[in-house]
Every structure is written in structure tokens, then in C-alpha cells.
1. Taking 35 Å as R0, compute the FRET efficiency from the Cβ-Cβ separation of M188 and Q68 and round it to 0.05.
2. How many angstrom separate the Cα center of region 198-275 from the Cα center of region 110-176?
3. With an 8 Å cut-off on Cα pairs and a minimum separation of 6 or more residues, tell me the relative contact order of the chain in percent.
4. Hey, can you find the accessible area per residue of region 63-113 for me, probe 1.4 Å, expressed in square angstrom?
5. Less than 12 Å Cβ to Cβ from A57, Lys/Arg counted +1 and Asp/Glu -1: what total charge do the surrounding residues give?
6. Using label points projected 7 Å from each Cα along Cα→Cβ, tell me how many nm separate Y272 and V239, to one decimal.
7. Listed here are the pairs K190/K230; K32/K65; K152/K189; K26/K84; K163/K216; K189/K216; which of them are more than 21 Å apart at the Cα?
8. Among G124, G199, G164, which one shows the highest mean-square fluctuation when the chain is modelled as a Gaussian network with alpha-carbon springs under 10 Å?
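The values are calculated or read from the model by the stated rules, or taken from the named source; none is laboratory data. Since the structure is predicted, the reported quantities are computational estimates derived from the model, not experimental observations. Glycine also receives a Cβ, built like all others from the backbone with ideal geometry; neighbour counts cover every protein chain displayed. In case anyone asks, the SASA skips ligands and DNA or RNA and just uses the protein heavy atoms, side chains included. Shrake-Rupley method; radii C 1.70, N 1.55, O 1.52, S 1.80 Å.
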Amino acid sequence: MPYYHGTGGVLAVAMMMSGTTLCIGKRFSTSKFWREVHDSRATWITYVGETARYLLAAPPSPLDKDHQVRCMYGNGLRPDVWFKFRERFNVPEVAEFFSSSEGVLNLINYSRGDYLATCVGSHGAILRFLYRNIFVPVLVDEASGAIARDPKTGFAYRQPYDKGGEIIVQVPDTKAFAGYYNNPEATMKKFERDVFKKGDLWYRSGDALRRTDDGKWLFLDRLGDTFRWKGENVSTAEVAEVLGKYPGVVEANVYGVQLPSHDGRAGCAAVYIDPSINHRFDFAGLLK
């Protein structure tokens, strides 16, 4: 991972400060990755969602399980990749985090089995109580991207955690967010005032998440990726997840396209099929 990225630079510095052995490759290579992991005898690897997909798309190799890795650390491991990667490469533990370099919404999920699999974070009873009025899902106007507000009160519509919405974070002042370099206008757009009461201040994450009753945080969509069709909101991430779980589908990228004489956008998907089974792929089954 590049050194300006959280899974590269931040992790590398943490390893060096703690005295943990650190093995650095010159660049990411799908064909050389497991050879480097094997030779270095690494017990942890770092990833982002895309690199996990690249490795899954590569032809099977004897090195797939010939390593000592017990845990992978990173972010963006989507549900349609999670189990496939774990089973094919025999990496039993996943440390998936949800954060950004400058953001104030930080989550971590250390998964050792199926219970927390596919989550981007986990809050137990104490954390759920402490963060009940700090990490809050709200309804967003999909057309404008603005937080939807009650026309009578002017305040936002708080959503149930199990339904989800864009996560906003209550902050004491604007200093809580490091901001964008030399761009105060973009920085201030990340804040929203008078959300639930006069004078309150919230940071907009730009991400839609939901939390189950037992504290599992699940990613729904990136704000702006959702589109409307026939009066309903469509989550590109959720549709891509369903397509990606179909046998033979390596990756699915979902987006909305405009059609003449129609409001909203119709769903469209670019699907990459495993070349080794392309000639016998069940297109009728996928359509059904």
C-alpha cells in the first residue's frame, strides 16, 4: 500500500514504533503477492477491497494456502468477497476498519468467524450507549444530497439504527475535523448546524451505514452512489453485493443510467465473469 494511505503509512509507522517485523514490497503485484508473503513468512497482510478482488481473480496456485498468514488488516472488503477470500486463501481472521485520514468516524471489526463477518465495525452494549447521540443516522434528500429537514421544525429526520442512513457525528467545534488543505469552503461543507436543536454541530461522513440491534455496523452506500428509480432509492453497493455472490461473478459494478422520457435512473451493471468458466456461465440463472 502507498505510504500516504492508512493501510500503508500509518500501519508501517505503527509496526516500526512497536518493534514488529515489517516486510515491504516495492509495489503490489497480483502474480507475485503470495510468493512474497510465503518467502517473508508474514503472519499479517494489509489490503484494500480492490486488491482482494485482484487476488481472487487470479488463477489458482499452490501458493494460495502455502503461507503463514493468520490475519488480514485493511478496509473495503465487501461481503461478496469476504467469504470467498477467506476460504480460498485460508486467512481465518479479518481486521476490517472503517475510517478516513481526515474523518472523525472511526470503526473497527476484528472478525474471527462468521458472527462479525462482512461488518465494518462492532459496538457492544457500553459503546452503543456512549455513542447513541454521537454517531447518528439521518435521512438524506437523494436528489440534492442535503440532509432532509422537517418543513415545520427545520430539524433533521433521525433514522432508526437498524434502518440506517448517512452517519453524522456530533462534534464540539470545527477543530475536531482537520479539514482540507487550503480549501476552507470544502472544509465547511462537511459540517451541518442546527440538526436536532439550535446551536448543535455535526460532521457529515458522506457514508450510509446501519447498525443491527446487537451492534454490527454494516456499510450501505457512499453518498452520491445511490440513485432513484420509480420512486425508490437503489443502493449500488447492495445490488453489487447480490450480483457478486453469484457463482462465477468476480466483480460487479452497479450504476444508474438516464433513459429518455423516464424520471430517475435505471439500474445498470458491468459484470466481470471468471474467464475460466466463461463458456459455461449460466446467464439465464443470473437473469433469474
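1. On the way: r = 48 Å, r/R0 = 1.38.
Computed FRET efficiency for M188 and Q68 comes out at 0.15.
2. So the separation of the two Cα centres works out to 17 Å.
3. Numbers: 494 pairs, mean separation 33.1, N = 288.
In percent, rounded to a whole number, it is 11.
4. Numbers: 2100 Å² over 51 residues.
Averaged over the residues of region 63-113, the accessible area is 41 Å².
5. Numbers: positive: R53, K84, R88; negative: E50, E251, D274.
Charge balance near A57 sits at 0.
6. Going by the 7 Å Cα→Cβ label model, 2.0 nm.
7. Values: K190/K230 30 Å; K32/K65 14 Å; K152/K189 24 Å; K26/K84 27 Å; K163/K216 12 Å; K189/K216 29 Å.
From the list (K190/K230; K32/K65; K152/K189; K26/K84; K163/K216; K189/K216), the Cα-Cα distance tops 21 Å for K190/K230; K152/K189; K26/K84; K189/K216.
8. Comparing G124, G199, G164 in a Gaussian network model of the chain, the most mobile one is G199.
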